[in-house]
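Below is one structure, written out as structure tokens; comments come after it.
Computed from the coordinates by the stated procedures, all read-outs in this text should not be read as laboratory data. All of these numbers come straight from a predicted model, not from anything done at the bench. Cβ sites come from the backbone with ideal geometry, for glycine too, and all protein chains shown count toward neighbours.
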């Protein structure tokens, strides 16, 4: 619970004429429940954030792939050894780092329907932001900074927030870990942040119990658990280096309780990651994961571009950080620097890492913002500068139980307006378009259910998961969001078709693709060529998608796929020379 | 180094506690690191190359059908099909075809014709390659450090298909320790096989010859991992081979049938020698059913003269006279008829058509080869090697040996025949 240290009794704000009369209603709650205007702002922020998240459509993303895996695991009561939905990935080993999230998604969907996935997402992200807010509060003891920190996380990491996936649960674990770290530091920093990061685990048992618990959950929820290990390593290394710099003695470093405390926390964290169905293989696999060459073609795994996704926010955050640190008098702990550097570098090499960078950035900057705020306040309170008669607390610092009631009302309004309240309060459920978004090819899958394609289909990667989820049973998608599971050759062939490279129609033949599904907005060139080909006919189209079927008996004659700039080495009728 | 005053303030560990701390660290980190290292090694070992047979398996012909080709016809046909050495114009694609047809044992009195060993040396020795094509020609054998890759698709001095040269060398029984000389070093045939395995992907656009080479060199290994991490087996290879629409693929898809037949034969051999079969029973049945369907299609679409063209899955050729339409050229007819007769000659009996179908096709091949001009013989050299091989197989004969035996009676043809010598 975030409370203000500048609490004033309610009477302070009440009017003088009624002093003699007994109050009609006397508050049962103590003054610690009284909130101020800044808390109203916080509630508004979190309320709006929650509404926004809850109204985000589910969209045709990897969410459905995860839910499919979860459904498969529930049905088979086993972990998949190979992708059960991607025939072209048969024989490729699967280490399912998100199995627990997937089971959770499937259970939620099975129990409450797809709409509940949206609630799960909104609540998870809201919980993440609330925990982070608590972290910022513990770092700064200021509700204003707490709000500012949350806004910073949101603005820097917004581009990563709109997708519902197990990563959200990983982000929650990340926030909890930061909370544990800040708590363990014993909030020794105070508003001046003087000893932030330097203090060792003030309450080590809490850390040593909390870290393994969080890491066990995180390891089974999402592969991002290595980020947690990285954070703990930053603290262990940072404290050791600081101790070494201070003492210039190796034995003193090894004897430093702080160093040991963080080292134990790291080791416990590593050991906790072994508690999963794959043992140490999961850790090894996660460390190797980013080496997968297929991922280089996926935007979120590509290096950051300043003018691209997340680039501007990243650049602005760095500039802001430099400005704040330039004017800050708060110590900059090495652990903070290591963590920030690590996540900034990883975000530069992969946009996907922006999620973790955003939280790490806010975590690092908050103590400095708090320090600056304190200095500004001190300066403003300087009697030499302050105008006479201004001895009232600042407007934002005044507290009242009435404001607390307003906060509760606002929270209730946010809940009442959200889709989550519909089962309780009534109201119309979201329409299919509202729930799944306009980008999800709902009509396409409805068509495919009535006219299921036989054999291998070709589909855009971004629709693959949804097609299997909502399409006819046994649909043989070419590619899904599990790009990393595809053999390199298959992925290269997919990209050749996507980029309309010479011979792309012949590749369709090589995979015996009989049905081609194209995104009308993305694949005009391919669509036009297939329209002109006598081997293909359009069997379905809507505003998003177009479906081609191979004409029966086509592809049997020599040169039947001519017209796609076929390479001589791969003509449909080749002879030996 | 003196400790700072701050350090003095720290709670210094007693020596015993420090030792305990370090021991605890070792007790945690060593097993953890050891386990990680062990698993990393084990996982890496999973993706190691599979063991190889020191010598390729051999698949012998099963039939001796005189109705397909008589001794006299076979001798006459074979006499026309030797590979002339044409200096720098000699095609690697023709050479490896001729090698698998004639085998390294073939030796001819006619100095214009390449002996089997000449052919194999050109394919495996960069020094000979340079003698023929000059030092400026890009080498056929590319040293890749850990292995040797055969250059393909780059004209006369390169292999005509992925792993074609490899498969040809394997088909003629080249052992793994056979010397291979690249421009930089001397190595062995194993280096070519291993490089192929490293490069192989289940969905690469030509896989027929890779499959053929692997089935000759890998059994009793049934499955292995590609460099992409994919576990493949002869079952999955067979599935891949049967996936593609016919007559897509090189030579109207016939090489895929040939590979499948070799799978069946090697599977039989494994069972006969008490080794592990390479195919699962369901996949084996599926292959047989698939090939029976192919055979039925050939039977339906055979021209009365005995041949097929590129449209064999859907229609019989319209006329006895070749047209100028792609797929119905004379060469297309030779390609399809020669190839199907070749893999039928090796196939299990349950896949074969009626003997009249075989006889008609065999006789068409004989008549056609008889009628070809010397220029056509040169131009169609690679396709004709399949046809000649098919005819020899239908008599259960090794071409080189057969010609050697018949050498006294049958030097004939439009150009000087092989006039073969008895092979040692």
Square roots of five times the C-alpha gyration tensor eigenvalues of region A:40-161, ordered largest first and given in whole Å, equal 35, 15, 13
Place a point 7 Å from the Cα of residue B:272 in the direction of its beta carbon; the residues of region B:340-360 whose amide N falls under 14 Å from it are B:346-349
Honestly region A:210-360 on the Cα gyration tensor test (a ≥ b ≥ c root eigenvalues; a/c under 1.5 rounded, otherwise a/b vs b/c for prolate or oblate) is just oblate
Cα-Cα pairs in the protein assembly as shown separated by more than 60 Å, as a whole percent of all pairs, come to 28
To the nearest 10 degrees, the tilt of helix B:92-102 (Cα long axis) against the first principal axis of the alpha carbons of chain B is 70
Rounded to a whole number, the mean other protein chain Cβ count within 10 angstrom for residues of B:190-203 is 2
Note on chain A: the mean projected area of its alpha-carbon convex hull, in nm², is 34.8
So, with points 7 Å from each Cα along the Cβ direction, the residue A:40-residue A:500 label distance in nm works out to 5.7
Mean per-residue count of partner chain Cβ within 10 Å for B:34-40 equals 4
Under 20 Å by backbone N from the virtual spin label 7 Å along Cα-to-Cβ at residue B:136, the residues of region B:61-88 are B:86-88
Rounded to the nearest 0.05, FRET efficiency between residue B:109 and residue A:81 (Cβ-Cβ, R0 60 Å) equals 0.50
The extension gain from residue A:155 to residue A:319, computed as 0.36 nm times the residue separation minus the Cα-Cα distance, is 57.6 nm
With 0.36 nm assigned to each residue of separation and the Cα-Cα distance removed, residue A:522 to residue A:332 gains 63.6 nm
A correct Stokes-Einstein calculation for region B:167-288, using the alpha-carbon Kirkwood radius, 4 °C and 1.567 mPa s, returns a whole-number D in µm² s⁻¹ of 85
So the angle from the long Cα axis of helix B:234-243 to the longest Cα principal axis of chain B, reported in degrees to the nearest 10, equals 60
Region B:84-218: relative contact order from alpha carbon pairs under 8 Å, six or more residues apart, as a whole percent, is 23
Between the Cα axis of helix A:143-157 and the main Cα principal axis of chain A, the angle (0 to 90°, nearest 10) is 20
Cβ density ranking, 10 Å radius, fewest first, applied to B:112, B:44 yields B:44, B:112
The alpha-carbon center of region A:122-175 and that of region B:161-178 are separated, in whole Å, by 62
Contact order relative to length for region B:237-352, counting C-alpha pairs under 8 Å separated by 6 or more residues, stands in percent at 29
CD proxy, 222 nm, chain A: helix-only mean residue ellipticity via -39,500 (n - 2.57) per DSSP H run with n ≥ 4, per residue, nearest 500, stands at -17500 deg cm²/dmol
Using alpha carbon centers only, region A:218-267 is separated from region A:498-536 by a whole-angstrom value of 54
One finds the C-alpha centres of region B:50-86 and region B:289-313 to be spaced, in Å, by 23
Neighbour-count ranking for B:294, A:529 (other C-beta within 10 angstrom, fewest to most) reads A:529, B:294
Comparing B:271, B:259, B:191 in a Gaussian network model of chain B (Cα, 10 Å), the one with the largest mean-square fluctuation is B:271
Plugging the Cβ-Cβ distance of residue A:275 and residue A:162 into 1/(1 + (r/R0)^6) at R0 = 25 Å yields, to the nearest 0.05, a FRET efficiency of 0.20
Taking A:535, B:267, A:297, A:281 and counting other beta carbon atoms within 10 angstrom, the fewest-first order is A:297, A:281, A:535, B:267
1/(1 + (r/R0)^6) with r = Cβ-Cβ of residue B:38 and residue A:48, R0 = 60 Å, i.e. FRET efficiency to nearest 0.05, evaluates to 0.70
Sorted largest first, the C-alpha extents of chain B along its principal axes in whole angstrom are 105, 50, 42
Taking max minus min of the Cα coordinates of region B:351-392 on each principal axis, largest first, gives extents in Å of 34, 17, 13
Cα-based Debye curve of region B:84-218 sampled at q = 0.13 Å⁻¹ gives log₁₀ I(q)/I(0) of -0.49
Mean separation of Cα contacts under 8 Å (at least 6 apart) over the residue count of region A:33-130, i.e. the relative contact order in percent, is 33
Bridge orientation stat for chain B from DSSP, antiparallel percent rounded to 5, came to 85
Here the gain from full extension of residue B:326 to residue B:199, 0.36 nm per residue of separation minus their alpha-carbon distance, amounts to 42.5 nm
One would report the antiparallel percent of DSSP beta bridges in region B:84-218, rounded to the nearest 5, as 80
Rounded to the nearest 5, the percent of DSSP beta bridges in the protein assembly as shown running antiparallel is 75
Across B:230-237, the residue-averaged tally of Cβ atoms belonging to other chains within 10 Å stands at 3
